[in-house]
1. Name the most mobile residue of 175, 202, 252, meaning the one with the largest mean-square fluctuation, in a Gaussian network model of the chain with Cα contacts below 10 Å.
2. Looking at the square roots a ≥ b ≥ c of the eigenvalues of the Cα gyration tensor of the chain, which shape do they give, rounded for a/c under 1.5, prolate if a/b is larger than b/c, or oblate?
3. Between the alpha-carbon centers of the range 218-265 and the range 40-64, tell me the distance in whole angstrom.
4. Compute the helix-to-body angle for 7-19: its Cα long axis versus the longest principal axis of the chain, expressed 0 to 90° and rounded to tens.
5. Nearest 5 is fine: what % of DSSP beta bridges in the range 136-285 come out antiparallel, could you say?
6. Only Cα pairs within less than 10 Å get springs; with that Gaussian network setup on the chain, which residue of 11, 66, 271 has the largest fluctuation?
7. Compute the length gained on full extension between residue 113 and residue 101: take 0.36 nm times their separation in residues and subtract their Cα-Cα distance, giving the result in nm to one decimal.
8. Considering only 62, 149, 128, give the residue with the highest GNM mean-square fluctuation for the chain, with springs between Cα atoms whenever their separation is below 10 Å.
Amino acid sequence: MRRIHDIEEWRHYTDEQRRGGRNIGLVTTMGALHEGHASLFEAAKKNGDLVVATIFVNPRQFGDARDLDRYPRTPELDAKIAEEHGVDCLVEPSLEQMWPQYPGPTLTTVSVRGLGDVLEGEGRPGHFDGVASVVAKLFALNGPSRAYFGEKDFQQVVVIRQMVRDLALPVEVVALPIVRDHDGLALSSRNVLLSEDARRRALGLSRALRDVQSSPRRASEMRTRMRSVMEEAGVEVSYADVVDPFTLQACADEERGPRRAMVAGVVGGVRLIDNAPVEIVSRGR
Ligand code: PAF
């Protein structure tokens, strides 16, 4: 596996690979890699792509400086995991190269209005501007044919798909299912920050989702049910919602059909999110 730290070297490398006829599959990450990331690397490999992974803890998507400081960073272990799961090139650009003006603002920001302001965006203003801007820049530097994202960050996938459509970026966005631990906890880089007790309480998120998945109800009943399952488990609930999977707008009780249940909460000072497909019915059971 090749390791690159310089963005000009990266640009040349991918230009050359494309000229040689390779399709590039890009997996953008913030490191602290786990099986969820590994599933993205393996999917890209299976598609025959040259697999390029990036690790960049993007400060522009963190509203809270403490959250940024304590975000886990495990570069050597990450390199091992990336290599073991088929990554051909691991790119770890510096902050100075990615955002030379930082901590000053950039004059250009990619903002996906509406989709980036709800759910996670409501509690973390500017978060999705930071995500969309860095992903657009990583796409520009790399020129991938396909980019792989995990559905754990479902809203992020919706925002990026919209950005790709609106800006006609020549990249296919591939979204892969959430990878879970044996007990249902969605894998996340933040899980390493959980104490034993917080980890146990964190199971409230996946339990709430399973509960509403197993018995279709009206959207309002699902919201109430998810909130109470999470609260019972000791999760400080940020939101528990049922939304249209394309517009992310909250569903009305009269709607029926496949929707997305989205939950977020804080446990032991760590913010976690999760989601699952659900079927809403117009009458409660
Ligand atoms: O999902 C993430 O790890 C980040 O939001 C991403 C897409 C790498 C952008 O910084």
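Every number in this text was worked out from the coordinates using simple rules, so none of it is lab data. Everything quoted here is computed from the prediction, not taken from an experiment. Using ideal geometry, Cβ is built from the backbone for each residue, glycine included, and neighbour counts are taken over all protein chains shown.
1. Largest GNM mean-square fluctuation: 252.
2. Prolate, because a/c is 1.5 or more and a/b exceeds b/c.
3. 28
4. 90
5. The answer is about 80 percent antiparallel.
6. 66
7. Fully extending the segment from residue 113 to residue 101 adds 1.9 nm.
8. Residue with maximal mean-square fluctuation among 62, 149, 128: 62.
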